[in-house]
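The block underneath contains the structure these notes are about, expressed in structure tokens.
The values are calculated or read from the model by the stated rules, or taken from the named source; none is laboratory data. What you see is a predicted model; the values in this text were computed from it and never measured. All Cβ positions, even for glycine, are placed from backbone atoms using ideal geometry, and neighbour counts span all protein chains on display.
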Amino acid sequence: MAKKTIDVQNTGMFLAEYPQFTPKHRSLMAKLLTRDIYNHLKDRKTSIGYTLDKAIQTGVDNPHVGVGIVAGDEESYFIFKEIFDPIIEGWHGFKPDAAHKTDLDSSHIKDARLPDEFIISTRIRAGRNIRAMPLPPATSRGHRREIMNVIQSALYDITGDLKGQFHKLSEMTSEEEQKLINDHYLFQKPGSATILAAAGAARDWPNGRGIFHNDEKTFLVWINEEDHIRVISMQRGGDVGAVFQRYCRAMKLVEKNIRSKGKEFMYDDRHGFICTCPSNLGTSLRASVMIKLPKLSENRGRFELICKQLHLQPRGSSGEHSDSIMGIWDVSNKQRIGHSETELVQTMVNGVKLLIAMELKLVTGGSIDDLIPKEPIPSIYIQTAETYKASEEPITVQPTTEYGI
């Protein structure tokens with residue numbers, strides 16, 4: 001009888017800690033985190049003390065999100081693999097035994113000039129994180145400052161057309177910061193009800209955050225937002241090939257300079273480049289265009305289905321969870337992991353060309369029924385000899401050496 005009473009008490013304690021999900025919780029985390037998985041993982045910690053409860057808090061507090069979990073360090077993907085692996089498979093269709101690949105040879109992209117009469121601008125970005133450092137949701141002030149200092153030093157070494165200026169957010173005037181935000185060059189502090197804020201990534205704002213940009217503002221690096229860095233290549237118009245060529249060149253140069261400082265990016269053969277959110281694992285690459293499709297997007301449900309079949313993701317004019325203004329959409333590749341950078345950019349280019357063909361046909365009063373894919377199109381395969389060797393260095397977080405302001 002005593003044993004039965006203890007078992008009931010333990011069960012009660014377990015149920016008391018399990019999150020209360022409602023029908024409004026739509027994330028993969030909320031759907032896949034069973035009581036058994038929670039009970040199995042709830043007492044585990046990474047080397048910096050990051051727990052399952054910390055990882056899922058953003059999905060508990062934000063019922064509308066799609067993923068609902070973030071990593072606090074590179075170890076998180078291994079310590080809590082029983083929940084991360086099914087979420088990765090559910091979001092990307094990427095099996096636990098699959099391997100990632102990378103290809104930053106821009107010459108592999110073909111016919112990548114899209115018509116400027118439809119394309120307002122092109123942007124290619126990807127996040128990267130430095131090994132043996134906490135990710136933003138779990139970072140300390142000292143680690144955040146150390147990350148900024150390493151990246152600032154690496155960016156100062158850049159020459160040529162990519163050479164530019166580094167700005168610490170803490171030293172900007174409010175007018176300077178707002179102008180960069182209005183011009184879509186700079187991130188802003190996450191609001192109290194946002195995913196990043198709930199994950200803990202907005203602490204001590206703006207300390208330890210910064211932006212680098214070249215003179216033309218076609219190459220930018222964000223520091224300590226969602227990931228340690230976000231490398232961005234962008235310009236007006238539809239020359240995707242030129243934007244991708246600059247992105248590849250910049251990313252290789254940034255990595256080379258970071259390695260010269262004795263640091264390296266988080267990477268392993270399964271997950272690819274490690275990022276805070278599982279949705280960005282693999283390449284972490286988002287190749288997007290701001291495109292005018294007023295006729296095609298009149299039927300939003302059909303438009304979104306077409307994009308899904310083309311492995312594209314449409315967002316509104318002001319980004320994720322926003323509406324389109326005058327038929328202008330931000331359209332990008334949906335996939336991230338299991339496909340190389342060149343394959344994803346080519347997928348975006350080919351898909352956008354088809355969207356433009358549909359728009360032209362609708363403008364002239366024609367039907368697009370024969371152009372709509374009946375099922376998801378086959379993934380593009382581009383052969384490459386390029387390999388990215390995973391490091392054998394420890395992934396556990398090391399103490400910071402930075403104590404200054």
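Picking from residues in the range 111-156 that are more than 20 Å from residue 266 (Cα to Cα) and hydroxyl-bearing (Ser, Thr, Tyr), the one that is farthest from the chain's Cα centre (by Cα) is 156.
Say we look at the range 157-175 and pick out the residues that are surrounded by 13 or more Cβ atoms within 10 Å (Cβ to Cβ) and in a helix (DSSP H, G or I); which of these is farthest from the chain's Cα centre (by Cα)? Steps first, please.
If we filter the range 157-175 for residues that are surrounded by 13 or more Cβ atoms within 10 Å (Cβ to Cβ), which is where we start, we get 157-158, 161-164, 166-170, 172.
Right, trim to in a helix (DSSP H, G or I) and you get 161-162, 169-170.
Details: 161: 26, 162: 23, 169: 21, 170: 24 Å.
Across the range 157-175, the extreme among qualifying residues is 161.
Residues of the range 33-81 that are of a type in the set (Ser, Thr, Tyr), part of a helix (DSSP H, G or I) and without any contact (Cβ under 8 Å) to a residue 60 or more places away in the chain: 38, 76. Across the range 141-156, the qualifying residues are those that are within 13 Å of residue 222 (Cβ to Cβ) and not polar (S, T, N, Q), and the one among them that is surrounded by the most Cβ atoms within 10 Å (Cβ to Cβ) is 151. Annotation for the range 215-233: no member residue is surrounded by fewer than 20 Cβ atoms within 10 Å (Cβ to Cβ) and among the aliphatic types (A, V, I, L, M). Per the listing 201, 197, the residue uniquely within 21 Å of residue 72 (Cα to Cα), small (Gly, Ala, Ser), out of contact with any Lys or Arg (no Cβ under 7 Å at 6 or more places or on another chain) and outside any helix (DSSP H, G or I) is 201.
The set of residues in the range 275-324 that are under 22 Å from residue 95 (Cβ atoms) and in contact with a strand residue (DSSP E or B) (Cβ under 7 Å, 6 or more places away or on another chain) comprises 275, 280, 281, 282, 283, 284, 285, 311, 313. Of 66, 72, all but one fail to be out of contact with any strand residue (DSSP E or B) (no Cβ under 9 Å at 6 or more places or on another chain) and surrounded by fewer than 18 Cβ atoms within 10 Å (Cβ to Cβ); the exception is 66. Restricting the range 177-207 to residues that are within 18 Å of residue 64 (Cβ to Cβ) and polar (S, T, N, Q), the residue that is modelled with the lowest pLDDT is 192. Screening the range 17-32 for residues that are among the charged types (D, E, K, R) and not in a loop (DSSP other than H, G, I, E, B) and picking the one that is surrounded by the fewest Cβ atoms within 10 Å (Cβ to Cβ) gives 17. When restricted to residues that are at pLDDT below 95 and either part of a helix (DSSP H, G or I) or exposed (fewer than 13 other Cβ atoms within 10 Å of the Cβ) (or both), the range 302-323 contains 5. If only residues of the range 325-377 that are assigned to a helix (DSSP H, G or I), free of Cβ contacts under 8 Å to residues at least 24 places away in the same chain and not small (Gly, Ala, Ser) are counted, the one that is surrounded by the most Cβ atoms within 10 Å (Cβ to Cβ) is 361. For the range 380-389, filtered to residues that are surrounded by 13 or more Cβ atoms within 10 Å (Cβ to Cβ) and under 22 Å from the mean Cα position of the chain (by Cα), the residue that is farthest from residue 346 (Cα to Cα) is 388.
Of the listed requirements (1) aromatic (Phe, Trp, Tyr); (2) in contact with a Leu (Cβ under 9 Å, 6 or more places away or on another chain); (3) not assigned by TED's automatic domain parsing to the domain that holds residue 239, residue 381 misses just one: (2).
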